[in-house]
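What follows draws every value from the coordinates through simple rules; no lab data is involved. For clarity, every value in this text was computed on a predicted model and none was experimentally measured. As a convention, Cβ positions derive from the backbone with ideal geometry for all residues, glycine included, and neighbour counts pool all protein chains shown.
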Amino acid sequence: MPHLLRFLLLSATPANAGRIIMQIREQLRLVGVVDPRVALSKKLKGKAPANSTDGAILDTLRSGLRFKTMLCEAFLKELKSVDHPKDHKVIDVWLIMLIYANGGALQKSAEKMLKSKILQGCIRETLFDQCIHGNTELVKVHFMSFLSVSDYLLACKEEKAREFASYLFTVLFEQFSDTYSRQELVGSLVAHIGSGVSYEVSSSLDIMISLASNHSEELIPISSHITGILDYLESFNEDNLRKVYDIFCHLALAAGFNTASGGSSVANELLMVVRKQVSNPDMKYRRMGIIGALRIISTMADVDVNAAVNTSSQQPNWEEALELLKTTVNCCKFVTLPLIFLYDELAALLESKVLHFAILEWIGDYVAEFDSCFLTDLNNGELSEKHLYDGIEGELWMNLDGNLSPICVNIMPLASTLPQKSQPCLQILSSQCSLLTTVERLIKEGSLGGLDALLGCPLHLPSTKHLDGAKWGNLSGLQKRAVCHSLYYAINWIRELLNAFSTQVACRVDNFSQKARDETAVKLLKRLRNLILLEGLLNAFLKSYPLSLPELRYLGDCSGSASSSKFNLPKKMGEESMDGTSSNKGQKGRKDKTASEKMNPDDKLKQPTILDAFKRAGVTVSQATNRGSSQPSSSGMMSKDIEQDPNYPGDLGLVDLMTAPVQLDMQRFKFRTLHTRCLSLLNYSECQDSSCSYLESELPIYLYLLRDLHNKLDNLNPAIKPFLSTSQAKSSHVHCPKKTQEFLDIIRPLFLVLRKHLVGAVSMIKDDIPYVVISKSSIATAVLKEILGCYRKLLAIPDLLNQPNMSILKQLLQSLQPTENFDDILSEFQPYLAPSNVDYLYCGACKMLEDIMDPVCSSSYLLSSDVLITMQSIVNSVVVLLDGSGESNQKKVQIGCSKAIIPFLRKRLEQSAHKLLTADHPGEVAENGWQTKGDRIQKILQIYLRNSESTSDLLRELSKALPGVPSTKTQEDASNGFPTLCSSTIPSWYRVLHEENTGSLNKTIKQALKTRALSERGSTDTILEEIQKSVEVFVSLIEKCKSHEKVSMHAMAVKHGGKYIDTFLKAFNFLETQFKDHNAIILKMLKELQKATRIIQTICSEAKGYKRTMITSKVPPAKRSMERFLFQVKALLHNCSTEKKFWMGNLKHKDLHGHVVSSQVYGSVDEEDDEETDSDTPADENDNTMDEDVVEGSNEVPMEEE
C-alpha cells in the first residue's frame, strides 16, 4: 500500500489531483480504538507501532504532500466542500496535521481550515479520539504538531476553539506518559498562562486545574515546571489568582500538606510564599497572600478532605488551616483595606464551600466583637444620654421596630471625631456585618433569626436640623465631612442589611414561616425607601461640598488616591484619609422618639425639599423639632410650623429622589454592592392589602432596583455598547455572579415581575394627572425606560442564545407576549407558527411592544424611541440566533425557529419607525424642541432605512424631501410629511442619509463583484439601476448645500462625499466589464457624479477663503478621493471607448450659486491663488488648507462627447 500510494502521489497532476485526494479519503482508514475506555480496559494504547504499515503510509503521505503543493491545495479545497460532520473521516485529521507539519505557506491555511471546521461543528472530539486512542506510537512521531495545533486553538478568541484545545491538551497528557511529552505540554500551558491575554490565560488555567485535580499524582514529578506560574502572579486578576492557588493546592494535597509528617516541597513552598505575601506591607502582594491563604484553607479544611484523614499520627488538616487563618487575620487586623478584603473573601468562601465546623465556630467567635464595637443599647427605643459630637447633635433615624428596638447602630459618634487607633474603624462595619450574617446563616441552617434586631434597629446619625438650608452652610468643613461620612456609612450599612436579609425572602428557609418572610420583605422595602432618601441627601450635600468618600471594598488597581483622581475631584478629596474615623464608644447620643409613618402615595410624587424628604421617607424627626405635632395629618404632611421651613429650599436647592444621584454615581465604585438576590424584592409590596395601588407609592423603590439590575447587565456583558450613554458614571466591580449561567438562573423568576411592572408603568402613563408637580407619568416613564433597557441587555447576552439556555430564552419571550390573540397577523406564514416555538414567541414580543407604542408615543418621544430600539434588539436576537451557527438547518428544527420571520419582523419594525418619524409632537417643540433629540432621530431613521424592503428607493424619496426643508424655523417645516424633519433636525437627517447611502452602495458593489462572472443580463441591469439610484441620492444630498449655509452641513458634505467617492471607486472594474452593453447608463451616472464633485470643490475653496477649519480639516482626503475618481474615469473611457469622450481643462472659480468669483473676494487669500495651474497637478496630501483654488476647480473637468 505505501508503494502504491507513493506512485499515485508522484503521478498527480492538476487534472487528477482532486480524484486522487478523493480516493485517499475513501480508502485509507487509520482508525484506532473508537472508545477510549476500551483502550484503557484492554491496554491497546500501543497498537500501531511507528514502523507498521500505518506508519509507512503516513510517512509516504507526508513526503508526497511536502513536494506536491497542488495536492495540499486540492485536499483543502475538498475538505472545504464537506459540510456535515458524518462525512469527515479520521484521515482528514491526519492530512491536516501532515500539511501543518510540513510548514510553509500552507501551514496557516491548515490552521484556519481546522479552526473553521471546529467552529462549524464538523470536526468533533470523536474524530481525534479515533485518531489518537490506540495509535499512540503513530501520534508520538507527530506529537509536537498536535501540541502546536493545540497551542494555536488555545490562543483563539472563540470560546469553542479554546474548549477544543482543552480537550486536546487533556487527551495528549493522558495518552503520553513519558516525562518529555508531559514537560513539553506543561511548559506550553505555562507559556499561555503568561501571555497576558485575558481569555487565553483563563482557559489555560482551567486546563491546568483540570489536570491538577484529575492527575495530581502524575504532575508532582514535574511540579518544578509548574512553579513558573508564580512569576506571573502580579499580572493576574482575582479570579485567575484563585485558579493559580487551586492548582498548587491540588498538588500539595496530593503530596501531603502536613509538614509534621514529612510534607512535600510543593506544600512547603506554597505555604512559604503565601505567608510572605500576607505579611508584605504592599497591598498588591498582601491581596495575593489573602487569596492564596483562603484557597489553602478551603482545601485543608474541606469536610470531605478531613474525613479522609484516618491516621492518628497525622495532625488533622483543619488544625493547620485554622492556624493559617489566625495568622492571616493577625497580619491584616490593623490595616483597613486588607481587612475588608479578607472579610469579603472569607464570606464568599463560606458561602461556596463547606468547611470544618471548628473553623466556622472560630470565625463566629471572632466576629462576635461586632456588638461591642458598633452597637449601643437603647432604653425603650431611645438613647439614655444626649451628647454633642464636634458641635453636631445626633439623633435616631429610621427606627422600624419602635420602642421594641434594643440597640442602635452607633455611626455618628464614630464618624464625627478624629481617628484613634484604639477604636474600631467604620470602614469595616459593612464587611464585618456581611461576614457575621454569613456565619449566622451557616450555623442556623439559613435562618437569621438571631440577628433580626439589626434589620429594624435605628441608626444614630446627625440631627435633621443641621441638614437644611442656611444651617448646613454654617457648618465647618470638618462638620460637613462628618455629616457626609455618617450618611455614607449609613447607606452602606443598609445595603449590607439588604444583602443579608434578602436571603430570607429570595430562598425558602425551613425554619422560617411565610408570615415571617412577608414581614421581612416589608421591612426590606422600607429599608430600600430609607436608602433612596439617604442617597438623595448625600448626593445633594456632595454638590455643595465635594468630598472623596472612603473605600468600603478593595478595588485592586483602582484603590487609593488613583481612584479619585480619574473623576477630576478637588485636590483635598484626593488627600482624604482612607483609614476612616473613630470615637470613644462610651459617648452617648440624644434621645429620639421613633415612629413608622405611613404617607399619602400622591404626596410621594412631589419634588421634596430636605425636610420634606425626611417626612415622606418615614424618617423620625427629633422631639424638639416635632414639638407641635407628633402625628402626620391625613394628607401625609406634618404640622404647619414644620411646613414653613421646607417651603424654602435653602442653599441645597430641591432634592429630587427620582433622578439618578449623579454625584454619588461618580464614586459608586467605592460602595458596598447589592447582591443579585436583592432583586427578588421586585416581587414584593409594602402594602399587604390587595386594594393598595403600589404603582403610586412604590415605583421609586422598584426604579432603584431596576437601575441596579440594569447596571449588573451592563457589567455582565461589557462588550455591548449602549446606544445612548446615561448621565451616571460607570461603576466598576458591580456585584453579579461570575458565570452568566448562574446570573440567568437567578434572575429567571424575575421575567414575569418585569412584565408586571411594564404593564403597570404603561397604565400610569395613560392615567397621568397634569397638575401634580412631578407627575406620576414621570416616575412611570423612568421605570419603563429601565425595564426596556433591561430587556435589551438580556436579549443581547450571547449565552442566552445557546441551546442549553433555550428554555430561559422562551421564558423571557413568554413574559413579553400580548394579552390579546394576535394569530391574525401571522396568517401569512405557511405552515402556521406553533405557539410553543421560538419564532411565534419572537413575533408576539414584537407585537406587544407595538401595542404599547401608541400610549407611550403620546406621552414621550424619547420613551417611544426606547420602545423602538427594544424592538430592534428583538430582530437582532433572531438574526444572531439563526445566522450564528454553521448547523443552521439542524438548529432551526431544534429550536423551532424559521428565517421567514425575519422579513416579517423587519417590516413591522419599519412601520413602527415610520410612525415615529411621521408623528406630530407639539409638546416636544414647546419643551426643548427637537435640538436635544438629534441622536434619537438618527437611530430611528437608521432603523427605518435598514429595515425597508428597498433602501435605495426610500433613500431617493427622502433625499427629494430635503430641498423643501428651510434652513430657519418657519411654519412650513412639516410640509414634507415628516414633522421630525425640520430646520433643527436636518443635520441629523443629512448625516444618516449620507451614511446609509454609502452603505447601500457598498452592498450593491459587493453583490456586483460576486455576480460579475454571471451572464444573466437581468441581474446586471438591476445592479446598475441600484448604483444609478445611489448616485442620484448622493447628488441630491450634495446640492442641498446650495440652499443650506450651515458650516456643519458643508463639513458633512465634504467628509461623506469623499467616503462615497472612495466606495464608488470599487465599482470601476465592474463598470468596465459592462461598459460595452450599458455605456449609456454608465456615462449618465458619471456625469451626474460630476455635478456633486464640482459642488464639493467649491465648498473646499470657500472654506479655505473664509478659514472654516471645521471643513478644511476634512478637505485633503476628500480631494485625494476625487483625484483618483478623475483618473479612474479617464482610464475607463480610454480602455472602453474608441471615441474621444474625455477632455481636461481649466475651470473658472465659481461659488455655490454658479456666479464667477475672483479669489480677491477672500481677504486672506494670496494673490498667487489667481493663477491657473495644470489640472493634472496632484493634491498635496499634507496640505490641510488647499493651497490652490484653481486646482480645486480644475481637478474635476467636464466629460463631453464629440
Check: Under 12 Å from a point 7 Å along the Cα-to-Cβ line of Glu163: which residues of segment 117-155 have their amide N that close?
Finding: 119-121, 125
Notebook entry, point to check: What is the spin-label model distance, in nm, from Asp1021 to Asp83 if the labels are put 7 Å beyond Cα along the C-beta direction?
Noted result: 3.1 nm
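Between Asp824 and Lys960, what is 0.36 nm times their sequence separation minus the Cα-Cα distance? Round to one decimal in nm. Write down the numbers at each step before the final one.
Values: separation 136, 0.36 × 136 = 48.96 nm, distance 3.64 nm.
Result: 45.3 nm gained on full extension.
Can you order the peptides 388-395, 797-804 by their average number of other Cβ atoms within 10 Å per residue, highest first?
Peptide ranking by packing, descending: 388-395, 797-804.
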Next item on the list: Express in nm, to one decimal, how much length is gained between Lys471 and Glu217 on full extension, taking 0.36 nm for each residue of separation and deducting their alpha carbon distance.
Entry: 84.3 nm
Check: Listed here are the pairs Lys115/Lys157; Lys712/Lys739; Lys1006/Lys1055; which of them are more than 20 Å apart at the Cα?
Finding: Lys1006/Lys1055
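So which trypsin sites (Lys or Arg not before Pro) in segment 139-178 pass both tests, a DSSP loop state and at most 15 other Cβ atoms within 10 Å of the Cβ? Present the calculation step by step, with values, prior to reporting the outcome.
Numbers: sites: Lys140, Lys157, Lys160, Arg162; in loops: Lys157.
Answer in residue order: Lys157.
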Note to self: I need the per residue convex hull volume for segment 950-1138, using only the alpha carbons, in cubic angstrom as a whole number.
What the structure shows: 111 Å³
Note to self: 7 Å from Cα along Cα→Cβ at both Ser513 and Lys1148: what's the point-to-point distance in nm?
What the structure shows: 10.0 nm
Item checked: Peptides ranked, highest mean first, by Cβ atoms within 10 Å: ranges 359-369, 1033-1043 -> 1033-1043, 359-369
Next item on the list: Using a 10 Å cut-off on Cβ atoms, rank the peptides 1045-1057, 952-964 from the highest mean neighbour count down.
Entry: 1045-1057, 952-964
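Gain in length, Val759 to Phe357, computed as 0.36 nm per residue apart minus the alpha-carbon separation, to one decimal in nm? Let's see the in-between values first.
Numbers: separation 402, 0.36 × 402 = 144.72 nm, distance 4.88 nm.
Going from the current span to full extension adds 139.8 nm.
Find the relative contact order for segment 950-1138 and round it to a whole percent, using C-alpha pairs within less than 8 Å whose residues are 6+ positions apart. Write out the running numbers ahead of the final one.
Working: 172 pairs, mean separation 45.0, N = 189.
With pairs under 8 Å counted, the relative contact order is 24 percent.
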Checklist line | Spatial separation of Cα centroids for segment 500-539 and segment 1072-1110, in angstrom | finding: 68 Å
